[in-house]
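Q: The structure that follows is given in the form of structure tokens.
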Amino acid sequence: MSRAYPSIALVLCAFCACSEREGRAPPPLPSIPSALPVVPSEQPVAPTASGQAPTPGGGRDAHAQKSSKRVAESERKSTSQRKPSAPEPASAAKAASVAPARAASVAPAPAPQPAATPAEKIASRVKVPSTAHVHAELPSGLQRDLDADPRMQSWLDRAFAIIDGCHAQNRGAAGTIEAQLTMHEEARPDADIRALPPALSGVVACATGGLMRTKMPLFTGAEGTRYTVRIRFD
């Protein structure tokens with residue numbers, strides 16, 4: 001009994017408390033208002049273009065959409081800064097097509113011209129004179145020998161002046177004198193007259209004295225080379 005007594009006492013006390021509570025009337029509940037007050041929005045809502053006010057919560061949705069757009073734009077900017085943008089295919093193709101065009105538009109540098117040989121430098125250096133009434137016909141080989149010795153230019157000028165002066169004494173004399181020149185390596189060439197029209201005999205006699213007084217330079221060539229020279233008088 002000693003151990004069970006406290007437990008029984010506690011049960012009796014709890015039962016009594018419950019009885020007392022059941023006998024008392026419960027306190028009345030507070031009255032519930034018929035309608036809750038409407039809380040005005042913190043921000044004024046502007047009417048739309050159609051004149052109708054937006055639905056509740058539209059401002060918050062628009063603000064949320066703007067915020068999401070800003071976040072997306074910031075993410076795109078950060079991504080573009082981290083990764084270099086690759087060239088567009090159209091731009092790359094355009095650059096590839098412009099490069100050959102530029103290379104083609106640039107003209108190549110002209111190739112250096114080869115230096116002229118000694119034969120080209122002296123070509124046509126000596127010119128055989130002619131007048132209105134006296135003309136000479138020379139072979140190409142004799143012309144090359146004359147070009148190799150520029151001293152012959154002044155002698156030819158004097159010689160043709162003498163011949164034309166002798167022909168001036170008889171302009172009616174016409175025809176062609178033909179002579180053969182034989183070249184020597186260490187001596188002046190020899191001249192042999194092969195054809196002489198009778199009308200030009202006086203011209204030859206007049207010119208011989210004058211040519212003897214005009215000393216020819218030591219004009220030489222390959223030994224034994226022969227050239228046929230013609231002098232035509234009109």
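Throughout, read-outs are computed from the coordinates displayed, never taken from laboratory work. These numbers were taken from a predicted model, which means no experiment stands behind them. Here the Cβ positions follow ideal geometry from the backbone for every residue, glycine too, while neighbour counts run over all protein chains shown.
Q: Spelling out what I want: for every residue of region 217-227, take phi, set θ = phi - 60°, compute 6.51 cos²θ - 1.76 cosθ + 1.60 (Karplus), and round to whole Hz; glycine and proline get x.
A: x, 6, 7, 10, x, 5, 4, x, 6, 10, 10
Q: Please list the non-local residues whose amide H lies under 5 Å from the amide H of THR225, H modeled 1.01 Å from N, same-chain partners needing a gap of 5 or more.
A: Those qualifying (amide H under 5 Å, at least 5 residues apart or on another chain) are MET183.
Q: Here's another thing I want to ask about it. So how do LEU146, LEU181, LEU156 line up by other beta-carbon neighbours within 10 Å, fewest first?
A: Ordered by Cβ neighbours within 10 Å, fewest first: LEU156, LEU181, LEU146.
Q: Work out from phi, with θ = phi - 60° and the Karplus expression 6.51 cos²θ - 1.76 cosθ + 1.60, the ³J(HN,Hα) of each residue of region 143-150, listed in order in whole Hz, and give x for Gly and Pro.
A: So the Karplus estimates, Gly and Pro as x, are 4, 5, 5, 5, 5, 6, 10, x Hz.
Q: Please give the contour-minus-distance gain from THR228 to THR131: 0.36 nm per residue of separation, less the Cα-Cα distance, rounded to one decimal in nm.
A: Length gained between THR228 and THR131: 32.9 nm.
Q: Hand me the GluC sites (Glu not before Pro) from region 147-217 located in a DSSP loop with no more than 11 other Cβ atoms within 10 Å, in residue order please.
A: Working: sites: GLU178, GLU185, GLU186; in loops: GLU185, GLU186.
Listed in order of number, the matching sites are GLU185, GLU186.
Q: DSSP loop trypsin sites (Lys or Arg not before Pro) in region 131-189 with at most 16 other Cβ atoms within 10 Å of their Cβ, which ones?
A: Answer in residue order: ARG151, ARG171.
Q: Okay, next question. Would you mind ranking PHE233, PHE219 so that the residue whose beta carbon has the fewest other beta carbons within 10 Å leads the list?
A: Least to most surrounded, the residues fall as PHE219, PHE233.
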